[in-house]
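This report concerns only the one structure given below.
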Amino acid sequence: MIPEFTAIAARLSRSVLHLSLGGTLLMGAPSVTHVRPPSPAPRHPFTAMEHAEYDVRYGPIHAGSGTLSVLGIDTVRGHDAYRFRLTIGGGVNLLLYKYSLRDTLESWVDTATFNSLRFSNRQWHKGNPRIKHYEIFPERQTFREGSNAEQSSVSNPVDEIGFLFLARTMPLTVGSSVDIPRYFKPSGNPVVLNVVGRETIEAAGREWNTVIVQPIIKTSTIFSDGDGRVWISDDSARVIVQVNAKASVGSITMKLKSFTPAASER
């Protein structure tokens with residue numbers, strides 16, 4: 001199925017608190033603490049504990065299941081960060097072709113700036129484990145893979161799972177094309193999002209009016225050739241209803257099976 005999943009697909013409103021603490025001592029009086037009110041958090045169409053489940057198909061064949069979740073808000077190097085998780089599990093067993101996988105991709109994205117801070121990709125393909133872990137440092141525009149030396153990154157970096165959620169925050173006008181030079185590995189830029197149409201899809205027991213996005217990420221194994229598509233609900237929730245992406249042979253489709261918004265959104 002897919003060794004990476006970005007390709008392109010979040011993308012929960014908690015402020016990053018900036019506290020200014022100070023005291024004034026006058027004639028022996030006790031000090032007074034002054035607290036600057038927190039800045040309002042950007043409004044995103046997703047919140048902590050959102051959870052979507054998907055049916056995964058390889059062509060017409062049921063191949064497994066997947067999930068896309070906002071697990072919560074973690075702290076990464078002093079920054080509040082959304083923790084996004086994408087999982088895919090399953091396989092096919094055909095006469096001349098067998099394939100199985102278990103993928104878990106996780107992304108930690110700053111809630112205030114929407115810069116990626118950490119990205120991990122744990123895969124199990126054909127019995128072989130592959131693990132990649134990245135620490136991303138927006139403040140100095142570098143990233144580090146595992147224990148390797150830091151490499152140059154870009155301004156306002158975003159990883160592959162982060163781009164799925166970033167697309168949910170953007171205005172999507174049919175016929176528009178947006179170049180986004182924010183992929184954390186510079187060789188993959190610019191990421192291109194083409195809004196190619198609208199479609200009504202039946203999924204998770206209801207009909208969804210969707211906007212169809214064609215993501216192109218040069219270094220991605222699933223969205224590099226422009227054949228991938230992401231269907232995003234055309235409403236305030238911006239739910240990812242369906243994803244079509246390239247596999248090592250053929251293509252796979254993830255179609256929404258159930259969607260649970262955060263408790264505050266129900």
Quiz item: For residue 161, are the conditions met, namely being under 28 Å from residue 233 (Cβ atoms) and either buried (at least 19 other Cβ atoms within 10 Å of the Cβ) or of a type in the set (Lys, Arg) (or both)?
Solution: yes
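Does residue 192 satisfy being in contact with a Gly (Cβ under 9 Å, 6 or more places away or on another chain), modelled with pLDDT of 95 or more and either surrounded by fewer than 17 Cβ atoms within 10 Å (Cβ to Cβ) or part of a loop (DSSP other than H, G, I, E, B) (or both)?
Against the criterion (in contact with a Gly (Cβ under 9 Å, 6 or more places away or on another chain), modelled with pLDDT of 95 or more and either surrounded by fewer than 17 Cβ atoms within 10 Å (Cβ to Cβ) or part of a loop (DSSP other than H, G, I, E, B) (or both)), residue 192 does not qualify.
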Quiz item: Looking at this structure, is residue 129 modelled with pLDDT under 95 and assigned to a loop (DSSP other than H, G, I, E, B)?
Solution: no
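Within region 73-81, is there a residue that is touching a His at 6+ places or on another chain (Cβ under 8 Å), modelled with pLDDT of 95 or more and either among the aromatic types (Phe, Trp, Tyr) or surrounded by 16 or more Cβ atoms within 10 Å (Cβ to Cβ) (or both)?
Checking region 73-81: not a single residue is touching a His at 6+ places or on another chain (Cβ under 8 Å), modelled with pLDDT of 95 or more and either among the aromatic types (Phe, Trp, Tyr) or surrounded by 16 or more Cβ atoms within 10 Å (Cβ to Cβ) (or both).
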Self-check item: Residue count, region 36-61 (criterion: at negative phi and either modelled with pLDDT of 90 or more or surrounded by 18 or more Cβ atoms within 10 Å (Cβ to Cβ) (or both))
Solution: 14
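The values are calculated or read from the model by the stated rules, or taken from the named source; none is laboratory data. Computed from a predicted model, the values in this text were never measured in an experiment. Note that we place each Cβ from the backbone using ideal geometry, even for glycine, and neighbour counts take in every protein chain shown.
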